[in-house]
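The structure appears right after this line, and notes come after that.
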Amino acid sequence: MRSSATDLLWKIVNGEEIERGGKTHVASLRESLTAISLLGRMEGWFLKSEEKKVKNEEGKEALMHDDTPCGRGKVREQAELQFAQPEFASQPTQSQPTLPEQTQYITPATQHPLLLEEKPLVFNLLTFTQKTLPYFKPAPFHRTYYEKLTDFALGRIQKLMITMPPQHGKSEGATRRLPAFVLGCNPNKRIAIVSYNATKARKFNRELQRIMDEDTYHELFPQATLARSPSSHPARKSRSYARNADECEIVGYQGSFKTIGVGGSLTGEPVDILIMDDLYKDAAAAWSPLIRQNIADWYDTVASTRLHNSSQQLLVFTRWHEDDLAGRLLQKEGIYHPTDNPHGWVLLSFPAIKDSPPTPLDPRAEGEVFWPERHNLEKLLQIKERNGAVFESLYQQNPQPSQGLMYEEFQCYTEIPSRTYSVAYIDAADNGADYLCALFYKEAQEGNFIVDVLYTKDPMKVTEQEIAHKLLEHQVERCHIESNNGGGLFAHNLEERAQQMGNNFTRFYPFHQSQNKIARIFSASSSVQQLVHMPLDWKKRFPTFARDLMGYLKEGTNPHDDAPDALTGSVECRQPPRKIPLSELLQW
């Protein structure tokens, strides 16, 4: 009898046709989940090691009489969640922090292997969203976005920061679907959702209630119900559970979600998951020093005080200002690294127009737009033309100060004067945190016309070979090399490599720079602005160089000064105008 029941359950799980009343029948999703739950109880998949010594029937009886979150309800929740295999699991992902053992999800090692081999149930936040929002058509970037949100929901990421342009669906995934998904998987989670004011927060509350009241949601998560919901469990007294515009509790469990505006109160129970979605209403708020400080103070004195060791934080942002809360947290706590900075933030940043080489998380080519079906390149370039600073902040997630910058926009050229010298200026990196900056340009009476830039942290063995090729490619006549801190050895090695490649026309001029770097940059800034001419697409071709150059501040701390230092040096090394012989003039 037991064998027949087990065979029937496996047929349901595998999606096989079943004879019922003379007709063939294919199980629904809910029936499949129930079958998984029953198999788990019968086979003892979810029992702890000491409980595995109990006979199957005794273990089943114990689980069936356990009405705690770790008992009957949890078996189903864990089964439907952990047999899930993300659609994009084959893509490479960076290692993520793991929360302490209090996290209640079972690990992949405890999954029943036959289920994974036979027919895995694909279930993650993206598929959940597609089931509960049928008209949602995910773009390619949504898969990466929802993959990270799924990792967060499963407790694999403790602090996640996501920045992307406006109107790209960030709130739909992070603030509407994610809390509903998490509470369905674990109805004991206590979630707080924060937005820029109470009105916006209450709108999120209403939308979340509607999602959790839908029939589709209760087919997936029958345990997670709100008070006075049509699907509330009749045996539970739902009237005693809160359900209002600010807070809703899960009937029969300890979980809840609260929605508040920034500056509001979070007194009461601790928070397991803190979701912060767009804490600044608009540019006026983000650029107000008073409002920025008030939000930072609220985070320190209210939000963070409700968190415990296992709490998770999700910050979903459109960047407005370099000193917004995202900027402050990154400056203070840094980006996550499993060994160097295990308490940092996992950062996922999507610029509207790709301005760097492809990566596993963002495989777009340089210049490719984020969501062309909704925001094409023509539209984005129009926004950029109207206000470049706003475009860099909101759309490129690269906020820069509107005041106090050393340089304005540089002149761009379409043609280079005919009478020029081909020159290179190289500033070798002082240490591992610095960039090597090599500028290749045409020196004319009108100024320096930049044709190529190498801006890298690669080791000298790599850069020596690369620069030697560029010297040959650009037919460089003079090569100035700052010989401080190892630059002398670099110059010697570079000259040897150039000669080995048959370069007998480049003259090398290593020199020691004894003047103060900051003073030189400041005093020569006007000459640099006047004499340096850039290619039209220089920010696209040299994005890191452009970022450090255009973001350089007159006062305060600058993360990197290698770009302005090299440009200053290239202007300082300009040769005086050469007197042209009369015979040469007559040839013109």
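With respect to the cross-link table entries K137/K384; K170/K281; K137/K379; K159/K189; K148/K379; K200/K258, which display a Cα-Cα separation exceeding 18 Å?
In this structure, K137/K384; K137/K379; K148/K379 exceed 18 Å between Cα atoms.
Counting DSSP beta bridges in region 266-354, what percent are antiparallel, to the nearest 5?
Once the DSSP bridges in region 266-354 are tallied, antiparallel ones form about 10 percent.
List the relative contact order of region 406-521 as a percent without decimals, with contacts defined as Cα pairs under 8 Å and 6+ residues apart.
Over region 406-521, the number comes to 24 percent.
About the Cα centre of region 411-572, what is the dipole size in debye to 20, counting +1 per Lys and Arg Cβ and -1 per Asp and Glu Cβ, all else neutral?
For region 411-572, the charge dipole is close to 200 debye.
Find the relative contact order for region 183-332 and round it to a whole percent, using C-alpha pairs within less than 8 Å whose residues are 6+ positions apart.
In percent, rounded to a whole number, it is 28.
Give me a comma-separated list of calculated 3J(HN,Hα) values for region 511-528, in order, Karplus coefficients 6.51, -1.76, 1.60 applied at θ = phi - 60°, integers in Hz, x for any Gly or Pro.
Once rounded to whole Hz, the list reads 8, 9, 9, 9, 7, 5, 5, 5, 5, 5, 4, 5, 5, 9, 4, 5, 5, 4.
When all alpha-carbon pairs of region 140-348 are counted, what percent fall beyond 31 Å?
Every Cα pair in region 140-348 considered, those over 31 Å come to 17 percent.
Compare the Cα positions of A326, P351, A303 along the charge dipole of region 271-377 (+1 at Cβ of Lys, Arg; -1 at Cβ of Asp, Glu; about the Cα centre) and return the one farthest towards the positive end.
My answer, from the dipole projection, is A303.
Could you list R206, R177, R319 in order of exposure, starting from the residue whose Cβ has the fewest other Cβ atoms within 10 Å?
Arranged by neighbour count, lowest to highest, R206, R177, R319 become R206, R319, R177.
Every number in this text was worked out from the coordinates using simple rules, so none of it is lab data. Just so you know, these numbers come straight off a predicted model, no measurement behind them. Positions of Cβ are backbone-derived with ideal geometry, glycine not excepted, and every protein chain shown enters the neighbour counts.
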